[in-house]
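Peer 1: Dumping the structure here so I can ask a few things about it.
Where a number appears in this text, it was derived from the coordinates with a stated rule and is not lab data. Every value quoted in this text rests on a predicted model; they were computed, and no experiment measured them. Here the Cβ positions follow ideal geometry from the backbone for every residue, glycine too, while neighbour counts run over all protein chains shown.
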Amino acid sequence: MTTASAASSLPDSEPHAGSISGRLNWLRAGVLGANDGIVSVAALVVGVAGATTSTPALLAAGVAGTVGGAISMALGEYVSVSSQSDSQRTLIDKERAELADDPAGELRELAALYEARGLTSETAQAVARELTARDALKAHLEAELGIDEDDVASAPVAAGASALSFTLGALLPFVAILLPPPEIRVPVTFAVVLLALALTGYVSARVGGSRPLRATVRIVVGGALALAATFAIGSLLGTSGAV
C-alpha cells in the first residue's frame, strides 16, 4: 500500500492529524481564561458588595475588573506566545538552512533518528528517504523538534482569544451581582459562580484527561475561598466605616 493510499484509508472519525494537540491546547487555554475571568471578577464584585450595596459602585468595580483583567490576560498571552513563536521560527529557519547546506548529512541524521526509535537501519533509511522526498523540512521538524511549521501560534490571535475567554467568564459574576435585589445579591453570585466553576473544572479535566471529580472539587473549593475572603474583607471595611 502506498503512503497516499494508506493516508486516504484512515477513518475520518479519528483525529490522526498532529494539530489535534494544538486544538486541545487552545480549548484548555480558553477554559482556563474563562475560569480566571469568573474567579477574579467575582471576587472583586463580592468584595465590593460586602462593603456597600451601591449599584453604581458594583457596576464600576465590575467594568474595571473586566476590562483590566482582559487587557492583562491579552498582554500576558501576547508576550508568552510571541516568545514561543519567535523561538519556533528561529528553529525552522535554522533547519531550512541546514537542509540547503547539507542535504545528504541531514538525510543521514533523519535516518539515525528513526533508527534510534527502534527501526532497523534499512527501514530507517527507507523511511527517511521517502519522507524527505515528500517534504524534507516537515520531516526534520517533526522528528528532531516535534513541531509543525503550520502550527506556529499567532500571538495576536492568542491574545484576542485570551481576552475574549476572560471577558465571557467575567460577564457571569458581573450579571449575577447586578440583577438580583440587594439583599440576595451575594448568595446568588456565590451560587452562580460556584456552579460555573464546577462546569469549567469538569471541562478542563476532561480536556486534560485527568479525573473530573478531583479537578472540579479543587477549583470549586479554591473559588469559594477566594469569594469568602474578599467578602469578609469588604464587610470589615464596610462596618469599620473605611468606605
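Peer 1: For Ile147, what residues show an amide H to amide H distance below 5 Å, using hydrogens built from the backbone and excluding near sequence neighbours?
Peer 2: Under 5 Å from the amide H of Ile147: Glu142.
Peer 1: Is there a quick way to get the dipole size of segment 20-240? I mean about its Cα centre, with the Cβ of Lys and Arg at +1 and of Asp and Glu at -1; what is the value in debye to the nearest 20?
Peer 2: Details: 15 positive and 21 negative charges, 283 e Å.
Rounded to the nearest 20 debye, it is 1360 debye.
Peer 1: Put one equal scatterer on each alpha carbon of the chain, apply the Debye formula with no solvent term, and list log10 I(q)/I(0) at q = 0.17 1/Å to two decimals.
Peer 2: The calculated log intensity ratios at q = 0.17 Å⁻¹ are -1.19.
Peer 1: What is the fewest-to-most order of Val81, Val217, Val41 by other Cβ atoms lying within 10 Å of their Cβ? Mind dumping the intermediate values first?
Peer 2: Values: Val81 21, Val217 13, Val41 29.
Ranking Val81, Val217, Val41 by Cβ neighbours within 10 Å, fewest first, gives Val217, Val81, Val41.
Peer 1: Calculate one ³J(HN,Hα) per residue across segment 69-76 by plugging θ = phi - 60° into the Karplus curve 6.51 cos²θ - 1.76 cosθ + 1.60, and present them in order as whole Hz with x for glycine and proline.
Peer 2: Here the 3J(HN,Hα) series is x, 5, 5, 4, 4, 5, 5, x Hz.
Peer 1: Follow-up. Hey, in the GNM for the chain with a 10 angstrom Cα cutoff, which one of Ala51, Ala205, Ala60 fluctuates hardest?
Peer 2: Of the options given, Ala60 has the highest mean-square fluctuation.
Peer 1: Sort Thr132, Thr66 by Cβ crowding within 10 Å, fewest neighbours at the top. Let's see the in-between values first.
Peer 2: Numbers: Thr132 19, Thr66 22.
By the 10 Å Cβ count, ascending, the order reads Thr132, Thr66.
Peer 1: What does the convex hull of the alpha-carbon atoms of segment 83-131 project to on average, in nm²? Walk me through the numbers on the way to the answer.
Peer 2: Values: hull surface 15.5 nm².
Its average projected convex-hull area is 3.9 nm².
Peer 1: Exposure proxy check: Asp148, Asp36, Asp101 ranked by fewest other beta carbons within 10 Å?
Peer 2: Numbers: Asp148 17, Asp36 20, Asp101 9.
Placing the least packed residue first, the sequence is Asp101, Asp148, Asp36.
Peer 1: Divide by every residue of the chain the summed helix terms, -39500 (n - 2.57) for each DSSP H run of at least 4, and state the resulting mean residue ellipticity at 222 nm, rounded to the nearest 500 deg cm²/dmol. Let's see the in-between values first.
Peer 2: Numbers: 8 runs with 197 residues, N = 243.
Mean residue ellipticity at 222 nm (helix-derived): -28500 deg cm²/dmol.
Peer 1: What is the ratio of the Cα radius of gyration of segment 114-243 to 2.2 N^0.38 Å, with N the residue count, to two decimals?
Peer 2: Details: Rg = 25.5 Å, N = 130, 2.2 N^0.38 = 14.0 Å.
The reported ratio for this selection is 1.82.
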